Every structure is written in structure tokens, then in C-alpha cells.
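Notes to accompany the following structure.
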Amino acid sequence: MTTETAQKRLQVLRRKQQELAKELSTIEFIWSGSISKRFLTCGNPSCKCHTDTEAKHGPYYYWTTKKGGKTVARKLTEQQAEVLQPWIENRRTLEKTMNAMKKLSQDAYEAILVLLDDEG
């Protein structure tokens, strides 16, 4: 990579970095884990839910995450799940954006090394 190419590459990377930083500023609350919606069979063997999949009970909402290396699950109301789901999506967006920023930083470092080598 030439010095001129490295300088142009660095400008492009800085622009992309600024766009990602702007995207980060729009993220609101974040929450770990995931939410699942389940339909279950009950303990009554004569209940229709055992023979008809459309008659299963639910939906039931569960939030699951890892704490101290162990999976933790908590039953939620539908309202609680509706509050947390966008926060979980925000966390995923945050992680995706941070990974993109890390990659940009690596690319920028490579371009800067070219510029430093040309100075020395």
C-alpha cells in the first residue's frame, strides 16, 4: 500500500467510524439474554393439550441469560417481555456495531503503519 493509498484508506475508515459512532448514540436501554415464547402441555393427562398442538397452553414468555457461567431463566408476563425485547435487540445492535468498530480500528492501524513506515 502506498502512502497516498494509506491516507485515502484512513479517511474512508474515519468516515465509517464516525457513522458507527453516530449509530451508537441512538441506542437506548440494553438488556442481556433472550426472550422465548412457549406453548406448553399441562400435567393433566386428559387435557386436550396432550393430543392437539393447537390446544397447548400459553403463550408463556421466558427470559434466559447466563450468570456466573450458569443459565438463568425467569418467567415474564407478556407486558414485561414487550418491554425487554427492544432492549435485547438494542444490545445486539450495540455488539454488532462495536465489532464493526473494532474491525475498522484494525484496518486503520494497518494504514497508519504504512504511513509511519514511510516517515521513518
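The values are calculated or read from the model by the stated rules, or taken from the named source; none is laboratory data. Computed from a predicted model, the values in this text were never measured in an experiment. Positions of Cβ are backbone-derived with ideal geometry, glycine not excepted, and every protein chain shown enters the neighbour counts. Side chains included, ligands, DNA and RNA excluded: accessible areas come from the protein's heavy atoms. Shrake-Rupley method; radii C 1.70, N 1.55, O 1.52, S 1.80 Å.
Amide H neighbours of Leu76 under 5 Å, at least 5 residues apart or on other chains, H built in the peptide plane: list them.
So Leu76 has HN proximity to Tyr61, Tyr62, Trp63.
With θ set to phi - 60°, apply the Karplus curve 6.51 cos²θ - 1.76 cosθ + 1.60 along the range 37-51 and write out the HN-Hα couplings as whole Hz, x wherever there is a Gly or Pro.
10, 10, 10, 10, 8, 9, x, 8, x, 8, 6, 4, 4, 7, 10
So how much accessible area does His50 have, in Å² to the nearest 10, using a 1.4 Å probe?
Rounded to the nearest 10, that gives 90 Å².
What lysines could a cross-link reach from Lys16, if we take a straight Cα to Cα line under 20 Å and drop same-chain neighbours fewer than 8 places away?
Within reach: Lys8, Lys96, Lys102, Lys103.
In nanometres, what is the gap between the two model label sites at Lys37 and Leu116, each 7 Å from Cα along Cα-to-Cβ?
5.2
Accessible area per residue of the range 22-84 at 1.4 Å probe, in Å²?
Using a 1.4 Å probe on heavy atoms only, each residue of the range 22-84 averages 76 Å².
For the chain, what is the calculated [θ] at 222 nm in deg cm²/dmol (nearest 500), taking -39500 (n - 2.57) for each run of four or more DSSP H residues and dividing by its residue count?
Result for the chain, helices only: -19500 deg cm²/dmol.
Using the alpha-carbon atoms, what tilt in degrees (0 to 90, nearest 10) does helix 3-24 show relative to the longest principal axis of the chain?
30
For Arg91, Arg38, Arg15, give the ranking by accessible area with the largest first, probe 1.4 Å.
Arg15, Arg38, Arg91
Once you place label points 7 Å from the Cα toward the Cβ at Lys70 and Gln17, how far apart are they in nm?
Here the modelled spin labels are 4.3 nm apart.
For the chain, which whole percent of the accessible surface, found with a 1.4 angstrom probe, sits on carbon and sulfur atoms?
Here it works out to 52 percent.
Working from Cα positions, state the angle (0 to 90°, nearest 10) between the long axis of helix 78-119 and the longest principal axis of the chain.
20
Compute the label zone of Glu95 within the range 11-50: residues whose backbone N is under 12 Å from the point 7 Å along Cα-to-Cβ.
Output list for this probe position: 31-35.
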